[in-house]
Each structure stands twice: as structure tokens, then as C-alpha cells.
Amino acid sequence: MGLSAGLVRFIGLAEVAATGGLIIGLFWQPLGIAAALGFTITMIGAVAFHAKAGDYADPATRRNTMAPVILTAVSVATAVTLGG
């Protein structure tokens, strides 16, 4: 279940853009909200990919694949905090 090099680059660029958007979002809230929502979508995709690959069912790989779950929760909390 490998990813193409182009898709890996796109995901990396999306994550870097989200980081920049979150930093700028400290000063301009609408961009921070958009960046947090975009990052949430990216992390939901990561969780779905790892679930499809069976990484959460295997105790040997479960610990290494919990980051997307945690980052999804953090990005949702960020969007709610900035939006509220």
C-alpha cells in the first residue's frame, strides 16, 4: 500500500502550508481556522490510510501510527478555539 512520490510530496507541502497558515493565523484568525480545517482533513486521511493498512490492529505498529489520531484531535481543537 505504498504512496506515489508525487502524492507524498503533495502531502508534505500541504502539511508545511498548514503550519505556515497556523502561524499566520495567530495574527489573522480566518487563515488560522482554514489551516486548522485543512490539516484536520489531511490527518483524517492519514488515519484512514493507516486503518486500511491494518496498522491499528497490529500491536507492533500501533504506537507509531497514533500521531495522526492525536494531531487530528489537536487540529479540531485549534479550529474550534480559533473559531469560537
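Results, tabulated for the structure shown:
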read-out	value
Rel. contact order, % - alpha carbon contacts under 8 angstrom, at least six apart, the chain	29 percent
Segment 38-77: translational diffusion in µm²/s, Stokes-Einstein, Kirkwood Rh over Cα pairs, 4 °C, 1.567 mPa s	129 µm²/s
Spacing of the two label points (7 Å from each Cα toward its C-beta) at R63 and L26, in nm	3.2 nm
Chymotrypsin sites (Phe, Trp or Tyr not before Pro) restricted to DSSP loop in segment 18-84 with at most 16 other C-beta within 10 Å	F27, W28, Y56
Shape category assigned to the chain from the gyration tensor of Cα positions, a/c cut at 1.5	oblate
For segment 5-48, diffusion coefficient by Stokes-Einstein and Kirkwood Rh (Cα), 4 °C, 1.567 mPa s, µm²/s	123 µm²/s
Distance in nm between pseudo-label sites at T19 and L7 (7 Å out along the Cβ direction from Cα)	2.3 nm
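Throughout, read-outs are computed from the coordinates displayed, never taken from laboratory work. These figures come from a predicted structure and were not determined experimentally. Here Cβ is always computed from backbone atoms with ideal geometry, including for glycine, and neighbour counts include all displayed protein chains.
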